[in-house]
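*Asks:* Before I ask anything, here is the structure I am working with.
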Amino acid sequence: MAGPTRLQQITEMLKSEPSDSFLNYALAIEYAKADDVKKAIQLIEALLIRDENYLGAYYQLGKYYEQTEQPKAAITIYNKGIAIAQQQQNKKTLGELNEALLMLED
C-alpha cells in the first residue's frame, strides 16, 4: 500500500502551520507538477500577498504566467522580484530573474 503523496503530506503540514511561506510555496510546486498550474498560480499569488519578500516565488510565478500565456503578468512579476532581489542583495536570484525577463522580452 502506497503512502501519502507529497501533495497530501504538505497539505497535512499546512493544517498546523497555514501561514508557513515555504510550505505554501511547496504546495504550489506540487500542484504545478500535477498539471494544475492555475491552482499553483493562485497559491503563489496568495503567498506573495502575505509575504512579499519570499523571493523564490517571483521566478516560479513568472514561469507559471509564461506557461499560461500571460506574458504581461510575467514581466510585471519578474520586475517586482528584481526590485526585491536588489533590496536583499541576492545576486543569484537577481541574475535568474533578469535572465528570465530578458528571454521573455526577446
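The values are calculated or read from the model by the stated rules, or taken from the named source; none is laboratory data. Keep in mind it's a predicted model, so treat the numbers as computed, not measured. Methodologically, a virtual Cβ is constructed for each residue, glycine included, from the backbone with ideal geometry; neighbour enumeration extends over all protein chains shown.
*Asks:* Could you grab me the full set of residues in segment 6-21 that are surrounded by fewer than 18 Cβ atoms within 10 Å (Cβ to Cβ) and without any contact (Cβ under 8 Å) to a residue 24 or more places away in the chain?
*Replies:* So in segment 6-21, the residues surrounded by fewer than 18 Cβ atoms within 10 Å (Cβ to Cβ) come out as 6-9, 11-21.
Once the filter is applied, which keeps residues that are surrounded by fewer than 18 Cβ atoms within 10 Å (Cβ to Cβ) and without any contact (Cβ under 8 Å) to a residue 24 or more places away in the chain, segment 6-21 yields GLN8, GLN9, THR11, GLU12, MET13, LEU14, LYS15, SER16, GLU17, PRO18, ASP20.
*Asks:* Just the residues that are β-branched (Val, Ile, Thr) and either assigned to a helix (DSSP H, G or I) or more than 23 Å from LEU27 (Cα to Cα) (or both), please, taken from segment 56-106.
*Replies:* Answer for segment 56-106, where residues must be β-branched (Val, Ile, Thr) and either assigned to a helix (DSSP H, G or I) or more than 23 Å from LEU27 (Cα to Cα) (or both): ILE75, THR76, ILE77, ILE82, ILE84, THR93.
*Asks:* Just wondering, is there one or more residues in segment 36-55 that are modelled with pLDDT under 95, surrounded by 13 or more Cβ atoms within 10 Å (Cβ to Cβ) and in a helix (DSSP H, G or I)?
*Replies:* Here is the first cut: in segment 36-55, the residues modelled with pLDDT under 95 are none.
Within segment 36-55, not a single residue is modelled with pLDDT under 95, surrounded by 13 or more Cβ atoms within 10 Å (Cβ to Cβ) and in a helix (DSSP H, G or I).
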